[in-house]
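**Q** First the structure, which I've put down as structure tokens, then a few questions once you've had a look.
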Amino acid sequence: MTDDRTAQTLRSIAPYLADWASFQAAYHGIPGLQLAVGRRGEVFVDLAWGKADVETGEDLTSDHLFRVASHSKTFTGVMVMQLVERGELRLDDRVGDLVPELDGSRAAGVTVRELLGHQAGIIRDSSDGDFWQHHRPFLDRAEVLECVRAEGVVFEPNEHFKYTNIGYSLLGIIIEQVTGKTYDEVARVAVVEPLGLTRTGTELDPARAAEYAAGHTGRIAHGDARRVIPHVDTRAMAAATGWYSTATEMVRYGAAHVHGDTTLISDASKRIMQRDESRVAVRGKELGRYGVGIEVGKVGDREVVGHSGGYPGHITRTWIDPVDGIVVSALTNAVDGAAGQIANGVIQLINLALAAADEVAAAGVLAGASGKGSDPVPGVPADAPVGRFANLWGVADVVDLGGILHAINARAAEPAEVAQRLVVSDGRLVQEPVAGFGTVGEPIQTERAADGEIVSVRIGAMTSWPIEQYRSRTAG
């Protein structure tokens, strides 16, 4: 797909991406959601939906700060790779040689690369990780080092992938040892200033307390009330989990991981970070993939890198296509926030639209080459019943994605898995005539008022109504 067609398609579907994500956030009862979608310097979606604080009723804005938690590991990975590029550090340097307090400990032989790839066998959060529920403070430098000395080694290096916040906290200490500066000072010069970020930093900033979106508890049962969780300093664990940002600034940061952008690190360093260091599997079931300081994944056929984040009260997810340049970041302010599901769903919708746009373009070329004047592609009729409709059994969005009409189950976690194309056959709009358990091949019937407004739509066997009308019909 050409860059122009990709950008044009993203612009055309941006309103629907924001609408779908907002519906998902409301459906899952999330207090607030920031969503940003960008590509190569252009931001297509900048959504702020819901509440920053359910107790005060403050509306969420695009400027509210979120704790992006384990996204911090990608920032730390970038900082380490910059030191490697400058020859100040090597990926095979040993911890015992870099941190004198650990010389002679069981962890002394662990390498920087093993820490970055979670292959060092280091304990995840110490034997008392109750700082994650604010029962104690996060660890300071001395406590991290004591944890590593006393109980840090669980597996031998490269025996198993073992995700570790203590290991990344140790990387923060290594950065300070190598540079002679604080982690925050290095981060500002290494990441924040080169990208011109003004709403991103390494740790809770008391001077900006009013700018943070409140964190909220999760719900055990559907009707449970949410409580606000206060923000705290993550101290020496900032390199693993302390950073804050916004969705739009995470998109800007994510663009720096796209090949060809050398603002932060070279493409050679990106290739090291982004290739598979670990394929995480248990009893034959793959649980995920991890690179060197960054998570590796796949949404549909799109290979992506990025990270999730879980901080007390905030759940976040950012995915980056390092080749095509698309970046999606979803930030939620509840422990049970569906940030990963929303980010994945947005990418699925993008994939559907771009595939449709390619198909439309290819068919148009073929039609031109054959000299035919008619367009053989199932396009979008001028009178298509575009909108959101509901009935007893669910909610369906009829939407133009890339020049082809689709029906999307708005509740579905994976919209691409349940999307149906609507095409014109023998002059009628029908569900695409393919194999299926639903009402495939059957016509779409639309009832309109005298002014042309849609009264109802029958997609297959059952009538649906515009969603507000359906709510009115079923009220009381």
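The values are calculated or read from the model by the stated rules, or taken from the named source; none is laboratory data. The shown structure was predicted, so the numbers you read here are calculated from the model rather than taken from an experiment. Glycine also receives a Cβ, built like all others from the backbone with ideal geometry; neighbour counts cover every protein chain displayed. Side chains are part of the model used for accessible areas, which takes the heavy atoms of the whole protein and leaves out ligands, DNA and RNA. Shrake-Rupley method; radii C 1.70, N 1.55, O 1.52, S 1.80 Å.
**Q** Pop out the carbon and sulfur fraction of the accessible area of the chain as a percent, whole number, probe 1.4 Å.
**A** After summing per-atom areas, the C and S share lands at 50 percent.
**Q** Gain in length, Arg11 to Leu392, computed as 0.36 nm per residue apart minus the alpha-carbon separation, to one decimal in nm?
**A** 133.9 nm
**Q** I would also like to ask the following. Which cross-chain or sequence-distant (5 or more) residues have an amide H under 5 Å from the amide H of Arg448, H modelled 1.01 Å from N in plane?
**A** Val455
**Q** Can you name the helices of the chain, as whole DSSP H runs, whose Cα span along the helix axis is 18 Å or more and whose Kyte-Doolittle mean is not below -0.5?
**A** Counting only whole DSSP H runs, the qualifying helices are 3-27, 72-85, 165-179, 339-370.
**Q** Taking a ≥ b ≥ c as the square roots of the Cα gyration tensor eigenvalues, with a/c under 1.5 meaning rounded and otherwise prolate when a/b beats b/c, else oblate, which class fits region 123-239?
**A** Note, shape of region 123-239 comes out oblate.
**Q** Over all alpha-carbon pairs in region 398-476, figure out the percentage whose distance exceeds 19 Å.
**A** Pairs farther apart than 19 Å: 43 percent.
**Q** If you consider only alpha-carbon coordinates, what radius of gyration and Dmax does region 305-366 have, in Å?
**A** My reading of the Cα-based Rg and Dmax gives 15.3, 55 Å.
**Q** What is the extension gain from Val232 to Glu88, computed as 0.36 nm multiplied by their sequence separation minus the C-alpha to C-alpha distance, in nm to one decimal?
**A** Here the segment from Val232 to Glu88 would lengthen by 48.6 nm.
**Q** Further, regarding this structure: For n ≥ 4 DSSP H runs only, could you compute -39500 (n - 2.57) per run for the chain, divide by its residues and tell me the 222 nm figure to the nearest 500?
**A** Helix-only estimate at 222 nm: -9000 deg cm²/dmol.
**Q** Which residue, chosen from Gln82, Ala108, Val54, occupies the Cα position most advanced towards the positive end of the dipole of region 1-151, where the dipole is computed from +1 (Lys, Arg) and -1 (Asp, Glu) charges on Cβ about the Cα centre?
**A** Farthest towards the positive end: Gln82.
**Q** Obtain the nm distance between the two label points defined at Thr198 and His135 by a simple spin-label model: each point lies 7 Å from its Cα along the Cα-to-C-beta direction.
**A** 4.2
**Q** A further question on this structure: Put a dot 7 Å past each Cα toward the Cβ at Ser127 and Glu156; how far apart are the dots in nm?
**A** Simple spin-label model gives 2.3 nm for this pair.
**Q** Using θ = phi - 60° and the Karplus form 6.51 cos²θ - 1.76 cosθ + 1.60, what ³J(HN,Hα) does each residue of region 279-289 get, whole Hz, x for Gly and Pro?
**A** Once θ is set to phi - 60°, the couplings for region 279-289 become 10, 8, 9, 10, 6, x, 9, 6, 9, x, 9 Hz.
**Q** Determine which aspartates and glutamates satisfy two conditions relative to Lys162: a Cα distance under 18 Å, and not lying fewer than 8 residues away in the same chain.
**A** Partners found: Glu114, Asp125, Asp128, Glu151, Asp276, Glu277, Glu286, Glu295.
**Q** If you take the Cα Rg of region 99-192 and divide it by 2.2 N^0.38 Å, with N the number of residues, what do you get?
**A** With N residues counted in region 99-192, Rg over 2.2 N^0.38 Å equals 1.08.
**Q** Here's something else I'd like to know. Looking only at region 21-54, which residues have a backbone nitrogen under 19 Å from a spot 7 Å from the Cα of Arg411 in the C-beta direction?
**A** The answer is 21-30, whose backbone nitrogens lie closer than 19 Å to the label point.
**Q** Could you list the residues of region 72-107 with an amide nitrogen less than 12 Å from a label point located 7 Å from the Cα of Asp184 in the Cα-to-C-beta direction?
**A** none
**Q** Keeping every protein chain present and rolling a 1.4 Å probe, give me the accessible area per residue for region 212-338 in Å².
**A** Per-residue accessible area for region 212-338 comes out at 36 Å².
**Q** Now for a different question. So what is the relative contact order for region 92-133, in percent, with contacts set as C-alpha pairs under 8 Å and at least six apart?
**A** Reported as a whole number, the value is 30 percent.
**Q** Another question, if that's okay. Over region 20-137, what is the relative contact order in whole percent, taking alpha-carbon pairs under 8 Å and six or more residues apart?
**A** This gives 11 percent for region 20-137.
**Q** Over the chain, what is the relative contact order in whole percent, taking alpha-carbon pairs under 8 Å and six or more residues apart?
**A** 16
**Q** Normalise the Debye intensity by I(0) for region 265-375, one equal point scatterer per Cα, no solvent, then take log10 at q = 0.12, 0.13, 0.22, 0.24 Å⁻¹ and round to two decimals.
**A** -0.57, -0.64, -1.21, -1.29
**Q** If you take every residue apart from Ala338 with its C-beta less than 15 Å away from the C-beta of Ala338, what net charge results, scoring Lys and Arg +1 and Asp and Glu -1?
**A** Net charge around Ala338: +2.
**Q** Here is a further query. Treat the chain as a sphere of radius equal to its Kirkwood radius over Cα pairs and apply Stokes-Einstein at 25 °C in a medium of 0.890 mPa s; give the translational diffusion coefficient in µm²/s, rounded to a whole number.
**A** 102
**Q** Cα extents of region 173-272 along the three principal axes, largest first, in whole Å?
**A** Principal-axis extents of region 173-272 (Cα, largest first): 50, 31, 25 Å.
**Q** Find the Rg to Rh ratio for region 294-435, where Rh is the Kirkwood radius over alpha-carbon pairs and Rg uses the same atoms.
**A** 1.06
**Q** So what J values fall out for region 198-211 if you push phi through Karplus, 6.51 cos²θ - 1.76 cosθ + 1.60 with θ = phi - 60°, rounded to Hz, Gly and Pro as x?
**A** Result, rounded to whole Hz: 10, 10, 9, x, 8, 7, 3, 10, x, 5, 10, 3, 6, 8.
**Q** Straight-line reach from Lys181: which lysines fall under 19 Å, measuring Cα to Cα and dropping same-chain residues less than 8 apart?
**A** Of all the lysines, those that pass the test against Lys181 - Cα under 19 Å, at least 8 places apart if same chain - are Lys73.
**Q** Next question. At what distance in angstrom do the alpha carbon centres of region 227-306 and region 106-128 lie from each other?
**A** 18
**Q** Right, next: Please give the Cα centre distance for region 422-476 versus region 40-83, rounded to the nearest Å.
**A** 38
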